[in-house]
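Trainee: Below: one structure in structure tokens.
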Amino acid sequence: MKKLNRGVTFLETVISLGLISIFSLILFPILKTSNILNRELVQKGLTERQSTRILNIIENSIINSSPIFKNYLGRKYIKNGVGILKEEKLLNYMVKEENLAKISDRGNVLFLEYPRCNGARVEDNILLFQFFNNNLLVAQGEIVDEKIKIIFSDTLYQGVEGYFEKKGTGIAIEIVIFKENKDIEEKVKGYENFNIYF
């Protein structure tokens, strides 16, 4: 008996290509949707970790703040080394008495008296957190001739708004994080007690 070398027929090729095309049409949208969901979940996880880290920085700063001994202009408005201000301008060079006169129970600036040790002596510093122009900024100031001069400032978080609110012996913090299209992505809330000496 003779063996015939049988190849693939045109009809078999067309049917195979048709099946592959059908499976591709079904599979590619599923893979694309899965990839989009995966990216959104990863981004949400990164956002949550970042916002939690920033919230922890602010809360640790509140708990570690305490009244300093140097006098400065406007100190009469600050109680227990902590103040909340409503300030529409960026505090980036000086904090003046008229800024501190805007003390409030709720505002966009958290003012902390923050003594720290440089290894040899204790330095009386001022620490500021400010929500401004969709950013969360941090600034460090020092007292020079009874004036608060900002010596360092940086952006902690971009694409956010928020506020600080005095509640009892603590500070409530709310941060609203926006997506690139300005929709709200997440709201994060925190609270920390400050030290009461007076």
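Trainee: Here are Glu48, Glu98, Glu113, Glu87: which of them is over 25 Å from Gly159 (Cα atoms), within 23 Å of the chain's Cα centre (by Cα) and among the acidic types (Asp, Glu)?
Mentor: Details: Glu48 fails: over 25 Å from Gly159 (Cα atoms); Glu98 fails: within 23 Å of the chain's Cα centre (by Cα); Glu87 fails: over 25 Å from Gly159 (Cα atoms).
Exactly one of Glu48, Glu98, Glu113, Glu87 is over 25 Å from Gly159 (Cα atoms), within 23 Å of the chain's Cα centre (by Cα) and among the acidic types (Asp, Glu), namely Glu113.
Trainee: Let me ask something additional. Quick check on the range 161-175: of everything there that is open to solvent by less than 50 Å² (accessible area, probe 1.4 Å) and either small (Gly, Ala, Ser) or at pLDDT below 90 (or both), which residue is farthest from Asn135 (Cα to Cα)?
Mentor: Gly170
Trainee: From the list Lys96, Lys102, which residue is in contact (Cβ under 8 Å) with a residue 40 or more places away in the chain and touching a strand residue (DSSP E or B) at 6+ places or on another chain (Cβ under 9 Å)? If you could, list the steps in order and put the result at the bottom.
Mentor: Values: Lys102 fails: in contact (Cβ under 8 Å) with a residue 40 or more places away in the chain.
It is Lys96.
Trainee: Can you find, within the range 79-93, the residue that is most open to solvent (accessible area, probe 1.4 Å) among those that are within 16 Å of Glu142 (Cα to Cα), assigned to a loop (DSSP other than H, G, I, E, B) and touching a residue at least 60 places away in the same chain (Cβ under 8 Å)?
Mentor: Asn92
Trainee: Out of the residues in the range 176-198 that are among the hydrophobic types (A, V, I, L, M, F, W, C) and surrounded by 15 or more Cβ atoms within 10 Å (Cβ to Cβ), state the one that is farthest from the chain's Cα centre (by Cα).
Mentor: Phe194
Trainee: Which condition number does Phe129 fail, the rest of (1) over 21 Å from the mean Cα position of the chain (by Cα); (2) among the hydrophobic types (A, V, I, L, M, F, W, C); (3) closer than 16 Å to Ser65 by Cα; (4) surrounded by 17 or more Cβ atoms within 10 Å (Cβ to Cβ) being met?
Mentor: Condition not satisfied by Phe129: (1).
Trainee: Do you know which of the residues in the range 150-159 that are within 23 Å of Lys182 (Cβ to Cβ), open to solvent by less than 80 Å² (accessible area, probe 1.4 Å) and out of contact with any helix residue (DSSP H, G or I) (no Cβ under 8 Å at 6 or more places or on another chain) is modelled with the lowest pLDDT?
Mentor: Looking at residues that are within 23 Å of Lys182 (Cβ to Cβ), open to solvent by less than 80 Å² (accessible area, probe 1.4 Å) and out of contact with any helix residue (DSSP H, G or I) (no Cβ under 8 Å at 6 or more places or on another chain), I get Gly159.
Trainee: Listed residues Lys70, Lys76; which is assigned to a helix (DSSP H, G or I) and either modelled with pLDDT of 90 or more or open to solvent by 70 Å² or more (accessible area, probe 1.4 Å) (or both)? Walk me through it before giving the result.
Mentor: Numbers: Lys70 fails: assigned to a helix (DSSP H, G or I).
Selected residue: Lys76, the only one of Lys70, Lys76 that is assigned to a helix (DSSP H, G or I) and either modelled with pLDDT of 90 or more or open to solvent by 70 Å² or more (accessible area, probe 1.4 Å) (or both).
The values are calculated or read from the model by the stated rules, or taken from the named source; none is laboratory data. In this text the structure is predicted, and so the values were computed from the model without any measurement. All Cβ positions, even for glycine, are placed from backbone atoms using ideal geometry, and neighbour counts span all protein chains on display. To get the accessible areas, we keep the full protein, side chains included, count just its heavy atoms, and leave off ligands, DNA and RNA. Shrake-Rupley method; radii C 1.70, N 1.55, O 1.52, S 1.80 Å.
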